[in-house]
Amino acid sequence: MNGIDISSYQAELNAGIVPSDFVFIKATEGTNYINPTWKEQAGQVTQANKLLGFYHFASTGNPISEADFFISVVKDYMGKVILVLDFEASAINVWGNVGARQFLNRVQEKTGITPMIYMSSEVTRQFNWTIISNTNALWVAQYASMTPTGYQSEPWTDGQGYGAWSSAAIHQYSSSGSLTNWNGQLDLNIAYINANQWKEISGGVSTNDVTPANENRMIENEEDEMHFIQTVDTKRIYMINAGMYSWITDTGMWTNYQKAFPKAPVIPLYQAQMEKLYRKNV
């Protein structure tokens, strides 16, 4: 899949009409900055039925505070987008891999979603990322040159690998991209994951069947009854039926379900616990 990543530098860009399968949008930076165009462009992406991701540009503040700020801004999109820590610039020296881990773990703790991390290929080899390389997917930046280019199916790499990661999920290979419906330069990316895998990383349900995990069950005979899980941390409500779950996004739907299934138990869980119990490969 081919895609772009944008920020307020592309404020006039219509993300729905520039050719792409996916779009990453800068949402926040530090603990105060919010990209003024993120919400409008996110709407353009979703209306065009493209895959969407949000990234937080790490500053030099407290990693936990920055994670909380990021989540507070994009919370309404949880389960629909890939979340990313953009780890570059001053954060490399101030945070190091310890601060990056703190940010990633905080997002996981509060949302139940495992975020991706973006960094240059050099930074993958600068620190020991072994602790997160098996859980947090890598979006790597490595350019062959600054020559203008369109999408490439086999972008250049230096062949030196990505440290603890055996491969990257996404490769940003140019900041001089040229695509139709936009006169400026763009960051170009190729994803080595498919749409289903994208949705799984985002915490959403892919088009594959989702079956419950077989271990550490907290509810007996869940395949035989209708019940609901109300997440303590993200305040979502999920309907569980025959081992499948779906997120109830509309309050009217929830009212109707309560009337239709008055005896169905409502079970409070943290989002991460719910994901572990009911999502495959988590």
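Computed quantities for the displayed model
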| item | result |
| --- | --- |
| Any chance residue 114 is out of contact with any Pro (no Cβ under 6 Å at 6 or more places or on another chain) and touching a residue at least 40 places away in the same chain (Cβ under 8 Å) | yes |
| Of all residues making up the stretch 153-171, the number that are under 9 Å from residue 121 (Cβ atoms), surrounded by 15 or more Cβ atoms within 10 Å (Cβ to Cβ) and out of contact with any strand residue (DSSP E or B) (no Cβ under 8 Å at 6 or more places or on another chain) | 1 |
| Selection count where residues are over 16 Å from residue 72 (Cβ atoms), open to solvent by 30 Å² or more (accessible area, probe 1.4 Å) and either among the hydrophobic types (A, V, I, L, M, F, W, C) or without any contact (Cβ under 8 Å) to a residue 12 or more places away in the chain (or both), scope the stretch 47-57 | 2 |
| Residue in the stretch 7-27 that is of a type in the set (Phe, Trp, Tyr), more than 20 Å from residue 196 (Cα to Cα), within 16 Å of the chain's Cα centre (by Cα) and at pLDDT 95 or above present | no |
| Residue in the stretch 32-45 that is basic (Lys, Arg), within 28 Å of residue 133 (Cβ to Cβ) and either touching a residue at least 24 places away in the same chain (Cβ under 8 Å) or assigned to a helix (DSSP H, G or I) (or both) present | no |
| Residue 59, sole failed condition from (1) assigned to a loop (DSSP other than H, G, I, E, B); (2) within 20 Å of residue 203 (Cα to Cα); (3) modelled with pLDDT of 95 or more | (2) |
| Checking residue 105 against (1) touching a residue at least 12 places away in the same chain (Cβ under 8 Å); (2) open to solvent by 10 Å² or more (accessible area, probe 1.4 Å); (3) not small (Gly, Ala, Ser), the condition it does not meet | (1) |
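The values are calculated or read from the model by the stated rules, or taken from the named source; none is laboratory data. All values reported here derive from a predicted model rather than from experimental measurement. Because the Cβ atoms are built from the backbone with ideal geometry, glycine has one as well, and the counts that use them run over all protein chains shown. Surface areas here come from the heavy atoms of the whole protein model, side chains and all, with no ligands, DNA or RNA. Shrake-Rupley method; radii C 1.70, N 1.55, O 1.52, S 1.80 Å.
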